[in-house]
Amino acid sequence: MTLHRRLPEALTAYQAASDAPLLARLSQRIDESSRRFKAIETLIPGALRAAVKAGPIDDQSWCLLVNGNAAAAKVRQLLPLLQASLLRQGWKDVSIRLKILAVKRPSS
């Protein structure tokens, strides 16, 4: 006679996060960062858009992740425009930081 054990139903990451307060807060911050990025994405020139991603957000600042120094220099020039747009759209005044991601070059 074989007994079949019933496994608990699998949870999505979102369901698991909502059950744990710390994970729920992290999930909220990720969502807010994504919404902010969508709110300013069209202000980033098309050729530069692929080099910029939404990053972490906390109570004092929001971070944009940028691929390489050249792209970061261009995005840095856009920061006043991006922040003004967020303010007009009702977002809380939070400074925007840039984090430059190392671009991996193919080995020769």
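None of the figures in this text is laboratory data; all of them are computed from the coordinates on show. These figures come from a predicted structure and were not determined experimentally. We place every Cβ from the backbone using ideal geometry, glycine too, and count neighbours over all the protein chains shown.
Applying both filters, DSSP loop and at most 13 other Cβ atoms within 10 Å, to the trypsin sites (Lys or Arg not before Pro) of segment 44-93 gives K92. Other residues within the sphere of radius under 15 Å centred on the Cβ of L48, judged by their own Cβ, net out at +3 (K and R +1, D and E -1). Rounded, prolate or oblate: which one fits segment 18-108, using the alpha carbon gyration tensor with axes a ≥ b ≥ c (rounded when a/c is under 1.5, else prolate when a/b beats b/c, else oblate)? Note, shape of segment 18-108 comes out oblate.
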